[in-house]
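Colleague: Below: one structure in structure tokens.
The values are calculated or read from the model by the stated rules, or taken from the named source; none is laboratory data. Note that the structure is predicted; figures quoted are calculated from it, not measured. Cβ placement follows ideal geometry from the backbone for every residue including glycine, while neighbour counts extend to all protein chains displayed. These area figures cover heavy atoms from the full protein model, side chains too; ligands, DNA and RNA do not enter into them. Shrake-Rupley method; radii C 1.70, N 1.55, O 1.52, S 1.80 Å.
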Amino acid sequence: MQRSWSNDFSHVKEGQVAIIGAGVAGLQAARMLRRNNIKCVVFERTDKIGGVWQHSYTDFGLQVPRTLYEFPGFPYPSSEKWDKFPTGDKVRHYIDLYVQEFGLLEAIRFNTTVTKVAPRWGTRGWSLTYQQTGSGTSTEDFSFCVIATGMYNVPFLPLASGADTFRGKVVHTCTFTHTAIARGKKVVTVGGGKSAVDSACAASQVATSSVLLSRDWHWPIPRYLLDVVPFQVTTCSRFGHFMHQPHHEETTCSILLHRACAPIKWMWWRMVETCFSCHLPREMRPSMNIERDFAAGGRTMDREFQNMIKSGKLRPIKGSIDRFTETGILLGDGRALEADLVIFGTGYVKSYSIFDREQQEALGIEEDGLYLYRQIVHPNIPELAFIGSEISTFSNLLTQGLQVAWLERLLQGRMELPSQEEMVRVVEREKSWKRATMSNSRARASIWQFHMMKYHDMLVRDMGERPFRKCCCYPTCAPYTVRDYDQFFR
């Protein structure tokens with residue numbers, strides 16, 4: 001039985017909204033919907049708030065400046081000292097302060113796992129089946145449901161053959177929470193992303209040897225270009241966005257301008273490659289050109305990583321695991337690496353198991369992710385929104401806040417969704433554009449790092465506001481921050 005969206009959401013104020021997940025996205029959803037007298041119930045399967053920030057790998061912290069990771073409407077309190085790149089503990093403290101400021105604890109049901117989300121047939125909304133620790137299963141009806149379970153669900157552990165014969169230990173970065181397990185060990189960390197790099201660096205401080213093994217290297221973004229220019233100038237500004245492939249919703253004039261400037265853009269990227277190469281060991285220079293690689297996302301690189309490699313404490317190796325042996329791993333090219341501890345920094349896979357087979361088929365989950373209208377709603381599944389679960393940018397808190405502001409206005413009747421046919425058309429064009437401009441990955445549907453400006457522009461324009469948030473006297477290379485969007489969160 002197919003259902004369709006309606007732009008009349010008066011039933012939401014009469015009922016209650018379920019929010020699954022008390023991470024930073026779920027907390028923002030609860031804060032902003034509650035301020036409009038919408039009753040919210042937040043389901044959190046653990047006994048803590050903060051999602052991925054509850055606990056993570058050792059030396060976990062922000063990879064971006066705190067100005068790019070700030071709750072909209074709640075700046076870091078000036079009464080406390082905050083580093084430019086806060087540690088995980090400080091970020092957790094900041095999240096606690098946010099919850100206290102807006103009295104969100106009363107809306108959260110801790111130790112409560114949602115096991116099933118099913119449509120209420122014959123009426124609008126959803127029935128949630130959940131189980132509290134130490135209690136039986138219960139079912140409750142809601143007029144709207146928000147999925148805020150984040151981008152990091154189930155650890156991806158691609159074990160090769162022979163893993164059962166390996167005499168050492170195999171862990172995922174999410175459980176590598178203390179360097180003690182690496183002390184005196186020969187450590188191999190698998191992966192090329194931030195969690196793998198951070199874990200390899202942490203292990204190298206106490207291990208006998210530390211190797212970072214990656215199938216292919218990707219271009220990292222130095223926190224400071226040539227140790228002078230902050231990276232957000234090239235990632236969070238109009239100028240930085242223009243230097244990438246144009247989005248499919250750009251105007252004809254904009255596309256013509258991109259084409260006219262193609263030689264300049266090519267020269268710009270060759271210059272950036274040269275500058276970035278100064279921060280990379282020769283053996284880690286990626287094979288893919290930088291603009292193509294960045295289209296599929298990016299990670300920042302700090303000086304500690306460079307210093308560990310220069311000192312010889314961390315050895316980068318390009319290759320992939322063919323199989324495990326009793327004393328280590330054998331690579332695809334025949335090289336053998338001794339290891340006592342293998343750490344997989346290979347990311348996560350998404351789980352949609354709370355939906356039955358019919359709903360999962362309706363979602364249309366594909367190999368490269370879940371494609372949604374504005375990364376928030378599915379054209380064929382009404383009264384359901386994904387906040388922060390199907391989107392990744394360089395300023396996730398701001399992005400999630402704008403998603404909630406978009407949803408808030410929709411539920412208030414201050415904006416309307418286009419027709420189902422139009423939403424499907426936009427999603428299909430989005431899918432084609434991403435597959436033409438980005439390399440394949442499990443998360444391609446959700447990647448918007450270097451097109452963050454365009455994504456924010458689309459949300460703001462949908463809300464009937466002007467997307468250009470800075471006055472004309474600001475240069476196009478001035479980074480956008482949460483303060484530029486204050487009007488949506490007052």
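Colleague: List pairs: first residue in the range 274-285 and under 15 Å from P316 (Cβ atoms), second residue in a helix (DSSP H, G or I) and of a type in the set (S, T, Y) anywhere in the structure, Cβ distance under 8 angstrom, at least six positions apart or on different chains.
Modeller: R285/S277
Colleague: Follow-up. Scan the range 469-479 and give yes if some residue there is charged (D, E, K, R), more than 26 Å from Y152 (Cα to Cα) and more than 22 Å from the chain's Cα centre (by Cα), otherwise no.
Modeller: Pass one, the range 469-479, residues charged (D, E, K, R): 469-470.
Subsequent filtering for residues that are more than 26 Å from Y152 (Cα to Cα) retains 469-470.
After this cut, where a residue has to be more than 22 Å from the chain's Cα centre (by Cα) as well, the list is 469-470.
Yes: one or more hits.
Colleague: Evaluate the following for L128: is it out of contact with any strand residue (DSSP E or B) (no Cβ under 6 Å at 6 or more places or on another chain), at pLDDT 95 or above and not acidic (D, E)?
Modeller: Details: out of contact with any strand residue (DSSP E or B) (no Cβ under 6 Å at 6 or more places or on another chain): no; at pLDDT 95 or above: yes; not acidic (D, E): yes.
No, not satisfied.
Colleague: As an exercise: evaluate A29 against (1) within 24 Å of P382 (Cα to Cα); (2) assigned to a loop (DSSP other than H, G, I, E, B); (3) open to solvent by less than 60 Å² (accessible area, probe 1.4 Å) and give the number of the one condition it does not meet.
Modeller: That leaves (2) as the condition not met.
Colleague: Only helices (runs of 4 or more DSSP H) wholly contained in the range 235-334 count here; list those with 2 or more residues that are more than 29 Å from A443 (Cβ to Cβ).
Modeller: Numbers: elements: 238-242, 252-260, 262-277, 290-295, 303-311.
Helices (runs of 4 or more DSSP H) meeting the threshold: 252-260, 262-277, 303-311.
Colleague: Kindly indicate which of V404, V427 is of a type in the set (V, I, T), open to solvent by 10 Å² or more (accessible area, probe 1.4 Å) and either touching a strand residue (DSSP E or B) at 6+ places or on another chain (Cβ under 6 Å) or closer than 29 Å to G122 by Cα (or both). Before you say what the answer is, go through the steps one by one.
Modeller: Details: V404 fails: open to solvent by 10 Å² or more (accessible area, probe 1.4 Å).
On inspection, the qualifying residue turns out to be V427.
Colleague: Any idea how many residues of the range 341-386 are under 30 Å from S320 (Cβ atoms), part of a loop (DSSP other than H, G, I, E, B) and in contact (Cβ under 8 Å) with a residue 60 or more places away in the chain? Break it down stepwise before answering.
Modeller: The first filter runs over the range 341-386 and keeps only residues under 30 Å from S320 (Cβ atoms), leaving 341-353, 365-371.
So of that shortlist, the ones also part of a loop (DSSP other than H, G, I, E, B) come out as 345-347, 350-353, 365, 367-368, 370-371.
Now restrict to residues that are in contact (Cβ under 8 Å) with a residue 60 or more places away in the chain: 345-347, 350-351, 367-368, 370-371.
Residues that pass the stated criteria total 9.
Colleague: Counting only residues that are assigned to a loop (DSSP other than H, G, I, E, B) and touching a strand residue (DSSP E or B) at 6+ places or on another chain (Cβ under 6 Å), which one in the range 41-82 is least open to solvent (accessible area, probe 1.4 Å)?
Modeller: Our first condition is that a residue be assigned to a loop (DSSP other than H, G, I, E, B); within the range 41-82, this holds for 44-50, 54-60, 62-65, 69-70, 72-73, 75-82.
Within this subset, residues satisfying the condition of being touching a strand residue (DSSP E or B) at 6+ places or on another chain (Cβ under 6 Å) are 44-45, 63.
Numbers: E44: 13, R45: 162, Q63: 50 Å².
By that ranking, first place goes to E44.
Colleague: Let me ask something else. What number of residues within the range 454-480 are modelled with pLDDT under 90 and crowded, with 17+ Cβ neighbours inside 10 Å?
Modeller: So the answer is 3.
Colleague: If you go through the range 163-200, how many residues are in a helix (DSSP H, G or I), modelled with pLDDT of 90 or more, surrounded by 23 or more Cβ atoms within 10 Å (Cβ to Cβ) and of a type outside the set (A, V, I, L, M)?
Modeller: Count: 2.
Colleague: For the range 101-111, does any single residue satisfy the condition of being acidic (D, E), surrounded by 15 or more Cβ atoms within 10 Å (Cβ to Cβ) and either touching a Phe, Trp or Tyr at 6+ places or on another chain (Cβ under 7 Å) or within 30 Å of R414 (Cα to Cα) (or both)?
Modeller: Going residue by residue through the range 101-111, those that are acidic (D, E) are 101, 106.
Restricting the remaining residues to those that are surrounded by 15 or more Cβ atoms within 10 Å (Cβ to Cβ) gives none.
No, the range 101-111 contains no residue that is acidic (D, E), surrounded by 15 or more Cβ atoms within 10 Å (Cβ to Cβ) and either touching a Phe, Trp or Tyr at 6+ places or on another chain (Cβ under 7 Å) or within 30 Å of R414 (Cα to Cα) (or both).
Colleague: Determine which member of the set L372, L314, L330 is farther than 30 Å from T123 by Cβ and open to solvent by less than 10 Å² (accessible area, probe 1.4 Å).
Modeller: One residue alone meets the criteria, L314.
Colleague: Sticking with this one: When you scan the range 138-155, do you find a residue that is loosely packed, with under 15 Cβ neighbours inside 10 Å, in a loop (DSSP other than H, G, I, E, B), modelled with pLDDT of 95 or more and more than 20 Å from the chain's Cα centre (by Cα), even just one?
Modeller: no
Colleague: Out of the residues in the range 87-100 meeting the condition of being in contact with a strand residue (DSSP E or B) (Cβ under 6 Å, 6 or more places away or on another chain) and within 29 Å of A478 (Cβ to Cβ), tell me which one is least open to solvent (accessible area, probe 1.4 Å).
Modeller: At the first step, the residues of the range 87-100 found to be in contact with a strand residue (DSSP E or B) (Cβ under 6 Å, 6 or more places away or on another chain) are 87-88, 98.
Cutting the leftovers down to within 29 Å of A478 (Cβ to Cβ) gives us 87, 98.
Values: T87: 68, Y98: 1 Å².
So the residue we want is Y98.
Colleague: Name the one entry in N289, N307 that is open to solvent by 60 Å² or more (accessible area, probe 1.4 Å), without any contact (Cβ under 8 Å) to a residue 24 or more places away in the chain and within 26 Å of the chain's Cα centre (by Cα).
Modeller: Working: N307 fails: within 26 Å of the chain's Cα centre (by Cα).
Matching residue, one of N289, N307: N289.
Colleague: Go through the range 236-286 and give me each residue that's open to solvent by 60 Å² or more (accessible area, probe 1.4 Å), over 29 Å from L213 (Cα atoms) and not aromatic (F, W, Y).
Modeller: Our first condition is that a residue be open to solvent by 60 Å² or more (accessible area, probe 1.4 Å); within the range 236-286, this holds for 239, 245, 249, 251-253, 256-257, 259-260, 263-264, 266-267, 271, 274, 278, 282-283, 285.
Filter once more, keeping what is over 29 Å from L213 (Cα atoms): 239, 245, 249, 251-253, 256-257, 259-260, 263-264, 266-267.
Result: Q245, E249, T251, T252, C253, L256, L257, R259, A260, P263, I264, M267.
Colleague: Further question: Output the residue which, of all residues in the range 387-414 that are of a type in the set (S, T, Y) and assigned to a loop (DSSP other than H, G, I, E, B), is farthest from A295 (Cα to Cα).
Modeller: Across the range 387-414, the extreme among qualifying residues is S389.
Colleague: In addition: If you check S419 against the conditions, is it touching a residue at least 24 places away in the same chain (Cβ under 8 Å), at negative phi and either in contact with a Phe, Trp or Tyr (Cβ under 7 Å, 6 or more places away or on another chain) or open to solvent by 10 Å² or more (accessible area, probe 1.4 Å) (or both)?
Modeller: Criteria not met by S419.
Colleague: Suppose we filter the range 375-401 for residues that are open to solvent by 10 Å² or more (accessible area, probe 1.4 Å) and touching a strand residue (DSSP E or B) at 6+ places or on another chain (Cβ under 6 Å); how many remain?
Modeller: Here the count works out to 1.
Colleague: Can you tell me how many residues in the range 205-220 are open to solvent by 10 Å² or more (accessible area, probe 1.4 Å) and outside any strand (DSSP E or B)?
Modeller: Looking only at that region, the number is 8.
Colleague: Turning to a different aspect of this structure: So G103 fits all but one of (1) closer than 30 Å to P222 by Cα; (2) assigned to a loop (DSSP other than H, G, I, E, B); (3) modelled with pLDDT of 95 or more; what number is the exception?
Modeller: (1)
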